[in-house]
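Here is the structure we will look at.
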Amino acid sequence: MSREQDDMLRRGIGMTSQRTRERLIQRLYEEGISNAKVLEVIRRTPRHLFVDEALAHRAYEDTALPIGNNQTISQPYMVARMSELLLEAGPLDKVMEIGTGSGYQTAVLSQLVERVFSVERIKVLQDRAKERLVELNLRNVVFRWGDGWEGWPALAPYNGIIVTAVATDVPQALLDQLAPGGRLVIPVGSGEVQQLMLIIREEQGFSRRVLGAVRFVPLLNGPLA
Ligand code: SAH
């Protein structure tokens, strides 16, 4: 292949991917994502770097994709929706994420809030996610290998907590680690019956909003090497 052909091919791929990225943003907007900052961050975050090369061509489809270890990278709509819900009442300083997975949601969050504290139970996924964030020069994230049911008490409280796996019940530890006014976005349920919930720590007790049916992999127990 000549140098020009090679260049053309590469530009072609670049253009296609730019177009598919724009199409994804348009679709998220049409589906009701209205936070311009969230849309902008998703536009500029290279999701194809968070999946296997063999799946990179599908990275800008609005769908969850396998990332190994029986886990999936979240659907872009869900990443956008959950981020938007977290930020609904204004900017956030400290946010804890449970379920780092590929690190895609982590990367999006890190561009929207001051600091992200991300907990993952599967060591190999966490290691790969860490590398990707360093590569993208996203440095305001710290990682913990541990059980998300317990949160990360040593660094609590958090202004926001986001859980990217479905819990059978809302973990008490996460409620305990919410700052006053803090917001927890979490899918609750099991199997086919799952609801996205927004829980806010009020002056007295907690308020809860049910936001509709969702589909996530389960929040499991204990760390895994
Ligand atoms: N937001 C991630 C989604 C990953 S899927 C992404 O976009 O890639 C859910 C993740 O939650 C998986 O990586 C899974 O290993 C993790 N997980 C499940 N149970 C957990 C637990 N108890 N503590 C921490 N992480 C957990």
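Laid out as a table, the results:
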{"quantity": "Accessible area of the chain divided out per residue, in Å², using a probe of 1.4 angstrom", "calculated": "51"}
{"quantity": "Residues in segment 77-100 reached by a label modelled at Leu136 [backbone nitrogen below 16 Å; 7 Å Cα→Cβ]", "calculated": "77-84, 97-100"}
{"quantity": "Rounded to the nearest 20 debye, dipole of the chain from Cβ charges on Lys, Arg, Asp, Glu", "calculated": "360"}
{"quantity": "Karplus-derived 3J(HN,Hα), 6.51/-1.76/1.60, for each residue of segment 103-112, Hz, glycine and proline x", "calculated": "x, 5, 4, 4, 5, 5, 4, 4, 8, 10"}
{"quantity": "GluC sites (Glu not before Pro) lying in DSSP loop within segment 122-193, provided at most 11 other Cβ fall within 10 Å", "calculated": "Glu192"}
{"quantity": "Point-to-point label distance, Asp93-Ala173, nm (Cα→Cβ direction, 7 Å offset)", "calculated": "2.4"}
{"quantity": "Leading residue at positive end of dipole, the chain (Cβ point charges), from Leu224, Ala54, Val95", "calculated": "Ala54"}
{"quantity": "Residue-wise HN-Hα coupling along segment 165-181, computed from phi with Karplus coefficients 6.51, -1.76, 1.60 (Hz; x: Gly, Pro)", "calculated": "9, 7, 9, 5, 9, 5, x, 4, 4, 6, 4, 4, 8, 7, 6, x, x"}
{"quantity": "Cut-off 16 Å, label 7 Å out along Cα→Cβ of Leu49, residues of segment 83-117 by amide N", "calculated": "102-112"}
{"quantity": "Whole-Å distance, taken between Cα centres, linking segment 103-168 and segment 57-78", "calculated": "17"}
{"quantity": "Lysines whose Cα lies under 27 Å from that of Lys37, excluding same-chain neighbours fewer than 8 positions away", "calculated": "Lys94, Lys130"}
{"quantity": "5 angstrom amide H check on Met96, placed H, neighbours 5+ away", "calculated": "Phe117, Gly160, Ile161, Ile162"}
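The values are calculated or read from the model by the stated rules, or taken from the named source; none is laboratory data. Because the structure is predicted, anything quoted here is derived from the model rather than measured. Every residue, glycine as well, gets a Cβ built from its backbone with ideal geometry; the counts of neighbours run over all protein chains shown. In case anyone asks, the SASA skips ligands and DNA or RNA and just uses the protein heavy atoms, side chains included. Shrake-Rupley method; radii C 1.70, N 1.55, O 1.52, S 1.80 Å.
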